[in-house]
Amino acid sequence: MRALFVTWAEPTHLLSLVPLAWACQAAGHEVRIAAPPPCAAAVTRSGLTAVPVGRDVAVDQIRNRADLVPWRSPGRWPEGWAARPELLDAGQRAVLAALADKQFAVARAMGAELVAFARHWRPDVVVHDTLAYAGTVAAAAVGVPAYGHTWGSATVMRVENEDLGARPLPGHTRLFTDLDVEPRDGPTAWFDPCPPALRLPDPGPPRHRVGVRYIPCNGRGVVPRWVVEERSRPRVCVTAGVSAAKTGPGAPPDLLTGAAHALAGRGLEVVLAVDAAQAGRLAGLPDRVRVAAGVPMSELLPTCAAVVHHGGSGTGLTAAAAGVPQLVLPRIPVTAEIGERLRNAGAGLLPPPERQADPAVIGEAVEALLDDPRHAQAAARLSAAMRRVPSPAERVAVLEAAASATPAEPGRAAAA
């Protein structure tokens, strides 16, 4: 089987695809990762083969356009909005329309070269990031199944459709027709690493989800000796993930510094997990707060009694897989979703927006996570449930079955 994976325009989205891509390759199949040029290096660092397609469309500039400011600004949208878009007001719906327009711009930048590569390489199946709409176009162009792959958000948010429903927006249809490809309304199904306990239902007609076990993939890193040494105090990790650079470039992340000060002096070992750029911007931290730059979260979090973070799916699901209770301090609407679901499952806490910057609230919430055994018990149950979901290695069979069920076109059979 030839499996073509398609990632979105930022390297962080690639990481959710890597376990399944490696599982395909380990099973003996041919794998290629099509990516916008800025992401190609991240693909090769993962040990997979990159195929740069399209051009850099300056995603940062698109993200910072005026009609998307509310998406990257503090605040909360109605709980469960991604599954119940009728809860949104006119302004919030306008933001979703702008998000769709942004994704269409990325897909247009990739589309022509991706379709050309697919017609040359003739894959048997396409797996694409759920936002990489060009992947469905490429699959349609060569007549093979397409599978979306989410990155662990609680629901499949279909911003390419009207009101997150079933009817594609004109911009989505044009991605196909502009390349003389018969339109599809989306992938055949989605691989979903979000555990069932944290999922929301899809807002539109039900789509087939293929649960796949979340495997933490944090990229390369080194595990320092102190990570595995015995500890005399509970260890609490504080991280803002890569989202800190998106929401506040050039400034120390407020989440990191605020939480560090809030937890200092409470008898804890506080570890700030950051990248090298974030570490260079941190100053004036309390004594006995450790800065850990580039330590893989999959190695650090299992040694922690709790984690404080921004609500990113990578951090949230890595902590859930490790069975660690979580305090979520979302600064933008989209990252509140995991916090709400963790709170409802008992495995985390989510302060009200107006109180999450209060040091006393942060300190008391972390102490509650540590002192109330119900949070640790709920986190352990969530971790156990995640381990029961079929692994990426087991889910390769889904792609094999889809590929074998598709009649081979003469060109694809010759290429194989």
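Every number here is computed from the coordinates shown, using simple stated rules; none is lab data. Bear in mind the structure is a predicted one, so any value in this text is a computation, not a measurement. Methodologically, a virtual Cβ is constructed for each residue, glycine included, from the backbone with ideal geometry; neighbour enumeration extends over all protein chains shown.
Structure notes:
- Relative contact order (%) - the range 261-325, alpha-carbon pairs under 8 angstrom, separation at least six: 28
- Just checking the listed ones, Pro70, Pro19, Pro145: in the Gaussian network model of the chain with Cα springs under 10 Å, the one fluctuating most is Pro70.
- On Cα atoms only, tilt of 359-371 relative to the major axis of the chain in degrees: 80
- Packing-based ranking, highest mean first, of 41-53, 300-312 given that Cβ atoms within 10 Å are counted: 300-312, 41-53
- For the range 225-387, the relative contact order is 22 percent, taking Cα pairs closer than 8 Å that sit 6 or more residues apart in sequence and dividing their mean separation by the residue count.
- Listed residues Val270, Val127, Val361, most fluctuating in the chain (Gaussian network, C-alpha, under 10 Å): Val361
- Rounded FRET efficiency, nearest 0.05, which uses the C-beta distance separating Asp101 from Ser73 and R0 of 30 Å: 0.95
- Candidates Val31, Val366, Val222: whichever shows maximal mean-square fluctuation once the chain is modelled as a Gaussian network with Cα springs under 10 Å: Val222
- The chain: angle of helix 90-121 to the longest principal axis, Cα-based, in degrees nearest 10: 50
- Per-selection Rg to Rh, the range 225-387 - Cα, Kirkwood hydrodynamic radius: 0.92
- Helix 254-263 axis versus longest C-alpha principal axis of the chain: approximately 30°, rounded to the nearest ten.
- The chain, helix-only ellipticity at 222 nm - DSSP H runs n ≥ 4, -39,500 (n - 2.57), divided by all residues, nearest 500: -12500 deg cm²/dmol
- Counting only GluC sites (Glu not before Pro) that DSSP places in a loop and that have at most 10 other Cβ atoms within 10 Å, the longest clean stretch of the chain runs over 1-228.
- If you look at the Cα atoms of the chain, you get an Rg and a Dmax of 21.3, 70 Å.
- Relative contact order (percent, whole number), the chain, Cα cutoff 8 Å, 6+ residue spacing: 16
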